[in-house]
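To keep things clear, I will list the structure first and then write my remarks on it.
The values are calculated or read from the model by the stated rules, or taken from the named source; none is laboratory data. None of the values given here were measured: they were computed from a predicted structure. FYI the Cβ positions are ideal-geometry reconstructions off the backbone, even for glycines, and counts take in every protein chain you see. All accessible areas refer to the heavy atoms of the entire protein, side chains included, with ligands and DNA or RNA removed. Shrake-Rupley method; radii C 1.70, N 1.55, O 1.52, S 1.80 Å.
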Amino acid sequence: MHLDHITIRTRDLPGTRAFFLKVFDELEEKPRPKTIHRIPGHWLYAGDRPIVHLIGARGYGMDHAAEAWDHVGIHLDGYTAFRAKLEALNIHFSTMDLPELEERRLFFRTPSGPLIKAVFHEPIPDSEEHIQ
């Protein structure tokens, strides 16, 4: 297990992007998956890993808590077993599959509300829905 990325919600998307690229020379912007283009944002990569995700907070139902850490992504192995564990624990979750990255995601909240994204790098079966 390891941390996968941090997502930052901001009302100043261009300024926040410029800040991170200026302060952290190791970061460079690369394309985001097409599935999430409906949300304004940028992915900043360290090498081949997108470790800083920036998303716009204006107008997308996120105005209430701008300038916030949105969620923490944790990389895990074993999507099917972990999903079954959440179900067994009666923890509500939502899913997102990103076929172009061969990545599966499970989103769930802690009891007090912060969002956790479990990220699994594994092929997605052709028969499954990509966003649920």
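Some observations on this one:
- Reachable lysines, given that their alpha-carbon falls under 27 Å from the alpha-carbon of K34 and they are not under 8 places away in the same chain: K22, K117
- Among G47, G78, G113, the largest mean-square fluctuation in a Gaussian network model of the chain, built with springs joining Cα atoms closer than 10 Å, belongs to G113.
- Modelled this way, with points 7 Å down the Cα-to-C-beta line, the labels at I36 and A68 are 1.8 nm from one another.
- Per residue solvent-accessible surface (Å²) - segment 67-129, probe of 1.4 Å: 59
- The angle separating the long axis of helix 79-88 from the principal Cα axis of greatest extent in the chain is about 70 degrees.
- Gaussian network model of the chain, Cα within-10 Å springs - most flexible of A68, A46, A84: A84
- Sites D77 and F107 - FRET efficiency at Förster radius 22 Å, r taken between beta-carbons, to 0.05: 0.80
- The calculated FRET efficiency for the pair D25 and E122, based on their C-beta separation and a Förster distance of 22 Å, comes to about 0.10.
- Within the chain, longest stretch free of exposed chymotrypsin sites (Phe, Trp or Tyr not before Pro) [DSSP loop, at most 13 other beta carbons within 10 Å]: 61-132
- The chain, relative contact order [Cα under 8 Å, separation at least 6], %: 25
- Placing L101, L21, L89, L27 in order of accessible area, with the largest value first and a 1.4 Å probe, yields L89, L101, L21, L27.
- Angle in degrees between helix 13-23 and the longest Cα principal axis of the chain, rounded to the nearest 10: 80
- The chain - charge dipole about Cα centre, Lys and Arg +1 at Cβ, Asp and Glu -1, debye rounded to 20: 480
- Sum of side-chain charges, P33 neighbourhood, beta-carbon under 15 Å (Lys, Arg +1; Asp, Glu -1): +1
- The residue among Y79, L3, A68 whose Cα reaches farthest toward the positive pole of the charge dipole of the chain, with charges on the beta-carbon of Lys, Arg, Asp and Glu, is A68.
- Contour minus Cα-Cα distance for H2 and R49 (0.36 nm per residue): 15.6 nm
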